[in-house]
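Bear in mind that the values in this text are calculations on the coordinates, not laboratory data. Computed from a predicted model, the values in this text were never measured in an experiment. In this analysis, Cβ positions are derived from the backbone assuming ideal geometry, glycine residues included, and neighbour counts consider all displayed protein chains.
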Amino acid sequence: MLYTETGQTKRLARHLERVLVVDPQPAGARLITELLKDLGARFVMVEQTTTRALAVAKGEDPQTIFCEY
């Protein structure tokens, strides 16, 4: 588990309810996903292409998007 102060984690968690990770490399996406979950992310979506990511973003309305491109 990633160490961080409780106050910082709570403030950050508000912005991590729905997160979209766009990364063509599965290992990179997995690493970011695990870090986000340690920070309090509740629902992390992963897509490998920008085309699919845009479609998911339209339907799911993520609060935060991490893009490798």
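Between Lys58 and His15, what length in nm is gained on full extension when 0.36 nm per residue of separation is reduced by their alpha carbon distance? Each step should come with its number before you reach the end.
Values: separation 43, 0.36 × 43 = 15.48 nm, distance 1.76 nm.
Full-extension gain reported as 13.7 nm.
What spacing in nm lies between the two simple spin-label points modelled at Cys67 and Arg30, each 7 Å away from Cα in the Cβ direction?
Inter-label distance under the simple model: 2.6 nm.
Along the principal axes of its C-alpha atoms, what lengths does the chain span, in descending order and rounded to whole Å?
Here the spans come out as 36, 24, 16 Å, largest first.
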